[in-house]
1. Glu100 is checked against (1) in contact (Cβ under 8 Å) with a residue 40 or more places away in the chain; (2) out of contact with any Gly (no Cβ under 8 Å at 6 or more places or on another chain); (3) exposed (fewer than 13 other Cβ atoms within 10 Å of the Cβ); (4) not β-branched (Val, Ile, Thr) and fails just one. What number does that condition carry?
2. Has segment 89-97 got at least one residue that is free of Cβ contacts under 8 Å to residues at least 60 places away in the same chain, acidic (Asp, Glu) and exposed (fewer than 15 other Cβ atoms within 10 Å of the Cβ)?
3. Kindly evaluate Val76 against the criterion of being within 30 Å of Gly92 (Cβ to Cβ), touching a Pro at 6+ places or on another chain (Cβ under 9 Å) and surrounded by 12 or more Cβ atoms within 10 Å (Cβ to Cβ).
4. Taking segment 19-51 only, how many residues are surrounded by fewer than 17 Cβ atoms within 10 Å (Cβ to Cβ), farther than 20 Å from Tyr178 by Cβ and touching a helix residue (DSSP H, G or I) at 6+ places or on another chain (Cβ under 6 Å)?
5. Quick one: in segment 134-147, which of the residues that are closer than 15 Å to Gly69 by Cβ and of a type in the set (Gly, Ala, Ser) is surrounded by the fewest Cβ atoms within 10 Å (Cβ to Cβ)?
6. Just the residues that are surrounded by fewer than 22 Cβ atoms within 10 Å (Cβ to Cβ) and either under 22 Å from Leu50 (Cβ atoms) or among the aromatic types (Phe, Trp, Tyr) (or both), please, taken from segment 112-133.
7. Starting from segment 52-67, keep only residues that are closer than 10 Å to Gly131 by Cα and touching a residue at least 40 places away in the same chain (Cβ under 8 Å), then list their pairs with residues that are among the aromatic types (Phe, Trp, Tyr) and surrounded by 14 or more Cβ atoms within 10 Å (Cβ to Cβ) whose Cβ atoms are within a distance under 8 Å, requiring at least 6 positions of separation or different chains.
Amino acid sequence: MSQNAYRRPPEAVDMAAEERAIRRDTTIATAGTLAGFAAAFWLGPALADLPVEVADRLAFAAQVFAVPGFVLLVAVLMVSTTRRFSAEDIGGQAAGPPSERLAIKAAFLQNTLEQTVLAAGFYFALAAVAGGAWLALLPVAAGLFVVGRVLFYRGYPRGAQGRSLGMSLTMMPAALGYPLVAGLAVFGG
């Protein structure tokens, strides 16, 4: 696949192939997230003392959230540094579309911001409703966030098929986590 597949005109996109890749990568990310969450739940308490009191749980969530927060900071720096040294982009987003040099970085920043907000909600909601072994899921979620963001950025030039695994690995902990939080809130953790 071309390194500029993300810039293909709509008529050149094989939607069936794109959809197969997205389904495959979402399945891989779902299985990986579930396996990581299960391992963390069962092994986490043996590896670390996980907080039980609400204030301690929220502090733990804040510490783990520093990981996606740092990834977001890196994305912001990538865009701002590129703009700073590019005559085409120094005017900012309101001045016009990004240059070729900035386009992927800007898309990465936008998507990372969206994913960071989803992650924050999941991390703090889980910490609010459950403690102990359940909190072991958060470092796994943060690790998947980092791996997912790296794969998303590196795969972006190859289009949807190139970025789908990274997108799925980033999003799946929150996508599976929010229903878990709802269940724990209703039925107890």
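Bear in mind that the values in this text are calculations on the coordinates, not laboratory data. This one's a predicted model, so the numbers in the text were calculated from it and none came from an experiment. In this analysis, Cβ positions are derived from the backbone assuming ideal geometry, glycine residues included, and neighbour counts consider all displayed protein chains.
1. Result: Glu100 passes all but (1).
2. Among the residues of segment 89-97, not one is free of Cβ contacts under 8 Å to residues at least 60 places away in the same chain, acidic (Asp, Glu) and exposed (fewer than 15 other Cβ atoms within 10 Å of the Cβ), which makes the answer no.
3. Against the criterion (within 30 Å of Gly92 (Cβ to Cβ), touching a Pro at 6+ places or on another chain (Cβ under 9 Å) and surrounded by 12 or more Cβ atoms within 10 Å (Cβ to Cβ)), Val76 does not qualify.
4. So the answer is 1.
5. Here the answer is Gly143.
6. Matches in segment 112-133: Ala120, Gly121, Phe124, Ala125, Ala128, Val129, Ala130, Gly131, Gly132, Ala133.
7. Leu58/Phe124
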